Amino acid sequence: MDLTIHAPKLRNLRVRGFIYSLFLEDTRVINTVVLEIWLRNYGCLDDIFDCLANVEVLVLNDSFWLSTYHYKPPKKFPKGLGRLRTLILAYVRLYEQAHMSFVLCLLASSPRLEKLSIQVPQFAEVTDDQPVQIDCSNIFQCLRKVQLLGMLGLRSELQLIQYILAQSPVLEEMTIGLNEITSQMGSEVKYCFSLEAMLCPRASPNAEIIITTVC
């Protein structure tokens, strides 16, 4: 199904299900978008994000990420997400290169982002942790609050943590929640990952790192 929405007064939108493409027309006052979609046409992701330039709150849920495996994102979206303040990414597999690349594209496209929340699926078992390539030229001038939940203690996750801390001059708080699997692997694994995260250089002198584990 091709879904086209023409709604000049639309402020909040939630789209759920299997669709072939999504187009938003004349939605200048739109504020919040929640996407729980599985796209049959991966190539239309560029068009979708071109329509989200005015969005202030964006939520991408589990099924959305299935659409990113065959999509190669740019370093940043051409029209950007210039008004985005809050970005919530649920059930992102940061150990998957396709997912990580898309997350990095979203961050690079969101210069006014203030709050970021990323949740990795619980009970994920990963044996192959590949390093990621990160363009460190982006500065997150407005980012203040970060939540990274379900962390497995992987090298790629630590790279993301280092990246955010080093490029966020006004960051106030980063909460890192360890996955239940990580918590069951023993105190040494948790300690090593936590220590590396705490020792990451921070652009913000006021940045506080909070690490939580499952007892």
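The values are calculated or read from the model by the stated rules, or taken from the named source; none is laboratory data. Quick caveat, the model's predicted, so the values are computed rather than measured. Because the Cβ atoms are built from the backbone with ideal geometry, glycine has one as well, and the counts that use them run over all protein chains shown.
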#### Entry: Pairs where the first residue, in segment 15-42, is under 15 Å from TYR71 (Cβ atoms) and the second is among the charged types (D, E, K, R) and surrounded by fewer than 18 Cβ atoms within 10 Å (Cβ to Cβ), C-beta under 6 Å, 6+ apart
TYR20/ASP2; TYR20/ARG40; SER21/ASP2
### Filter pass, ASP47 being more than 16 Å from the chain's Cα centre (by Cα), in contact (Cβ under 8 Å) with a residue 24 or more places away in the chain and within 19 Å of ARG83 (Cβ to Cβ)
yes
### Query
Taking SER194, is it outside any loop (DSSP other than H, G, I, E, B), closer than 24 Å to PRO73 by Cα, among the hydroxyl-bearing types (Ser, Thr, Tyr) and modelled with pLDDT under 95?
no
### Message
Condition check: farther than 20 Å from ASN12 by Cβ and in contact (Cβ under 8 Å) with a residue 40 or more places away in the chain. Does LYS79 satisfy that?
### Response
no
### Query
Can you tell me which residues in segment 83-121 are modelled with pLDDT under 90 and polar (S, T, N, Q)?
GLN97
### Query
Do we find a residue being modelled with pLDDT of 90 or more, closer than 15 Å to CYS105 by Cα, in contact with a Pro (Cβ under 9 Å, 6 or more places away or on another chain) and surrounded by 15 or more Cβ atoms within 10 Å (Cβ to Cβ) anywhere in segment 75-82?
yes
